[in-house]
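Engineer: Mind having a look at this structure? Questions to follow.
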Amino acid sequence: MPALDTPDAKRHKPNTRSSAVGSALKKKEPPGPVYEKGIEYWDQVDASVNGVLGGYGEGPVPHIEQLSSRLLLLSLLPSLSPFPNPLTPQPAATPPHRRTVLDVGAGIGRVTRHVLLPLFDDVVLLEPVDKFIREGYRAALDGEWRDLPISKSQPNGNDVIELEGWKEQRRRFDEQSKTRGKRVRFIKRGLQGLDPKYPAEGGEDVGLVGISNSGEEGCMVDQVIYDVIWCQWCLGHMSHSDLVDFLRLARAALREGDDHYVFVKENCCDDAAGGVGQEFLDEEDSSLTRSHQKWVDCFHEAGLEVIREEVQQGMPDELFVVKT
């Protein structure tokens, strides 16, 4: 399982604390993230790439980060490549099933739009902040996501409404997809208590964008099975126990076989003395920054094995290291 990024790009902070903040009070347990406080923090952030990336959205950071993620996906799953390339000179045949990916804590859909959608057939996009998921849904519905077919379906509706002026792009898409189509299902929901197989339980099905008649499989079935589950810059808002529970359920929601993965991309602080895992709480956004070993401990506790680890290159020096 690839490992370890958080919606705001974390800045360097002292790594001498272990899952605690300064206090004169003795506590039975170290403080952890408070879900409601995290939502309150993100409610004050602009629903834009610059907003969700903590002010780093207008420079090279998004492009470098997105490219690295796509290359990592293709190196582990060469069958995702739609055409021959240096990584996959002879791409495997398209599988009979719709290749489906879950994007959790997806914000306005930046990762879905630029990393996942070009490679997968179906995306289930989960985000708890209302204005973020509404903005992502609006942009996809208005034809701003180039890998989606130029059509849209309203929530709980069966009608497909064609957008004007896009006939050539629609023709090109239909030729490339060979009528397979692509879809994104937008769900407003947090990660706490989530069973990825049933992504809409306890949440709001905002809507589907894409070809609605592509078959009742992939993201459209009652029990969704995934080729990949992608977690980026969001798991810091989960306590240790909630995180381990989620990772266990994520593992159980993967398609059978050796080439299906949970990807985790997060900022990492330093390990404590002796290589012991540690974490500390950022009270501003109520999230935990975990060290490398702390992440590994969480993965092992959830029954996951680390298959590949990469450091994200090209990030500003003042940020915590980002690992996938």
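The values are calculated or read from the model by the stated rules, or taken from the named source; none is laboratory data. Small disclaimer: the values here were computed from a predicted structure and weren't measured. Here the Cβ is made from the backbone with ideal geometry for all residues, glycine too, and neighbour counts use every protein chain on show.
Engineer: Is it true that Tyr41 is modelled with pLDDT of 85 or more, among the aromatic types (Phe, Trp, Tyr), assigned to a loop (DSSP other than H, G, I, E, B) and over 16 Å from the mean Cα position of the chain (by Cα)?
Structural biologist: Taking the combined requirement at face value, the residue does not satisfy it.
Engineer: Which ones in region 91-112 are farther than 16 Å from Gly207 by Cα and assigned to a helix (DSSP H, G or I)?
Structural biologist: Selection gives Arg110, Val111.
Engineer: With (1) outside any loop (DSSP other than H, G, I, E, B); (2) more than 15 Å from the chain's Cα centre (by Cα) as the list, and Gln223 as the residue in question, which single condition is left unmet?
Structural biologist: (1)
Engineer: Filter region 307-323 down to residues that are farther than 13 Å from Glu266 by Cβ and not polar (S, T, N, Q) and give me whichever is surrounded by the fewest Cβ atoms within 10 Å (Cβ to Cβ).
Structural biologist: Quick first cut of region 307-323, residues farther than 13 Å from Glu266 by Cβ only: 307-308, 313-314, 316-318.
Imposing the further condition that a residue be not polar (S, T, N, Q) reduces the set to 307-308, 314, 316-318.
Values: Ile307: 12, Arg308: 13, Gly314: 12, Pro316: 12, Asp317: 5, Glu318: 9.
Restricting to residues being farther than 13 Å from Glu266 by Cβ and not polar (S, T, N, Q), the top hit is Asp317.
Engineer: Let me ask something else. Out of all the residues in region 62-84, is one or more farther than 28 Å from Asp205 by Cα, aliphatic (A, V, I, L, M) and assigned to a loop (DSSP other than H, G, I, E, B)?
Structural biologist: Checked region 62-84: at least one residue is farther than 28 Å from Asp205 by Cα, aliphatic (A, V, I, L, M) and assigned to a loop (DSSP other than H, G, I, E, B).
Engineer: Please specify each residue of region 80-107 satisfying the condition of being more than 20 Å from the chain's Cα centre (by Cα) and modelled with pLDDT of 85 or more.
Structural biologist: Passing the criteria: only His97.
Engineer: Right, here's the next one. Just the residues that are under 15 Å from Ser241 (Cα atoms) and surrounded by fewer than 20 Cβ atoms within 10 Å (Cβ to Cβ), please, taken from region 278-296.
Structural biologist: Correct list: Val296 only.
Engineer: Oh, and also: Just one of (1) farther than 30 Å from Glu283 by Cβ; (2) within 17 Å of the chain's Cα centre (by Cα); (3) modelled with pLDDT of 95 or more trips up Asp205, so point out which.
Structural biologist: Asp205 satisfies all of (1) farther than 30 Å from Glu283 by Cβ; (2) within 17 Å of the chain's Cα centre (by Cα); (3) modelled with pLDDT of 95 or more except (2).
Engineer: Do you know which residues across region 117-144 are out of contact with any Asp or Glu (no Cβ under 6 Å at 6 or more places or on another chain), closer than 17 Å to Arg183 by Cβ, in a helix (DSSP H, G or I) and modelled with pLDDT of 95 or more?
Structural biologist: Across region 117-144, the qualifying residues are Gly136, Tyr137, Arg138, Ala139, Ala140.
Engineer: Answer yes or no as to whether Asp147 is out of contact with any His (no Cβ under 7 Å at 6 or more places or on another chain), surrounded by 23 or more Cβ atoms within 10 Å (Cβ to Cβ), farther than 16 Å from Lys265 by Cβ and modelled with pLDDT under 95.
Structural biologist: no
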